[in-house]
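Worksheet: the structure to be examined is printed underneath.
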Amino acid sequence: MAALRVDDKLGLVRFKVDEQGSHIAINEDCDDEKEIRLLTMACPAGLYSYEDGKLSFNYEGCLECGTCRVLSLGKLIESWNYPRGAKGVEFHRG
Ligand code: SF4
């Protein structure tokens with residue numbers, strides 16, 4: 001079997017979205033552009049976006065890698081938890 005590239009592996013990822021809400025809370029009032037740009041560049045799933053001075057975040061495709069937590073907990077990230085049981089990302093074939 002040929003080795004899968006990262007893009008191929010990400011194509012196999014499945015999500016069980018927690019309809020009750022996000023497992024990550026962000027400070028939407030944060031206007032620290034350096035901090036915001038750091039997260040928009042660092043999130044491997046591209047879930048943070050910043051346009052026209054407005055930060056938006058979509059938790060539904062979160063890979064639960066913890067990068068945003070490490071970079072910005074207590075700043076732009078107000079709280080970070082894993083999704084509730086049986087919700088969130090499912091990785092297939094590594
Ligand atoms: S945990 Fe990882 S994938 Fe999820 S929002 Fe943070 S940086 Fe993005």
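The values are calculated or read from the model by the stated rules, or taken from the named source; none is laboratory data. Fair warning: this is a prediction, and the values are worked out from it, not measured in the lab. Every residue, glycine as well, gets a Cβ built from its backbone with ideal geometry; the counts of neighbours run over all protein chains shown. Protein only, heavy atoms only, side chains kept; ligands, DNA and RNA dropped before computing areas. Shrake-Rupley method; radii C 1.70, N 1.55, O 1.52, S 1.80 Å.
Within the bounds of the range 43-56, is there any residue that is among the polar types (S, T, N, Q) and either modelled with pLDDT of 95 or more or touching a Lys or Arg at 6+ places or on another chain (Cβ under 8 Å) (or both)? Scanning the range 43-56, I find no residue that is among the polar types (S, T, N, Q) and either modelled with pLDDT of 95 or more or touching a Lys or Arg at 6+ places or on another chain (Cβ under 8 Å) (or both), so the answer is no.
Restricting attention to the range 60-83 and to residues that are in a strand (DSSP E or B) and near the ligand (Cβ under 10 Å from one of its atoms), the residue that is farthest from Arg14 (Cα to Cα) turns out to be Ile77.
Within the range 45-59, restricting attention to residues that are surrounded by 13 or more Cβ atoms within 10 Å (Cβ to Cβ) and within 12 Å of the ligand (Cβ to nearest atom), the residue that is nearest to Trp80 (Cα to Cα) is Tyr59. Scanning the range 17-29 for residues that are open to solvent by less than 100 Å² (accessible area, probe 1.4 Å) and out of contact with any helix residue (DSSP H, G or I) (no Cβ under 7 Å at 6 or more places or on another chain), we see that the one that is farthest from Ser49 (Cα to Cα) is Asp18. Residue count for the range 47-59, restricted to those that are over 16 Å from Arg14 (Cα atoms) and in a loop (DSSP other than H, G, I, E, B): 2. Considering the range 2-16, the residues that are touching a residue at least 40 places away in the same chain (Cβ under 8 Å) and of a type in the set (Lys, Arg) include one that is surrounded by the fewest Cβ atoms within 10 Å (Cβ to Cβ), namely Arg14.
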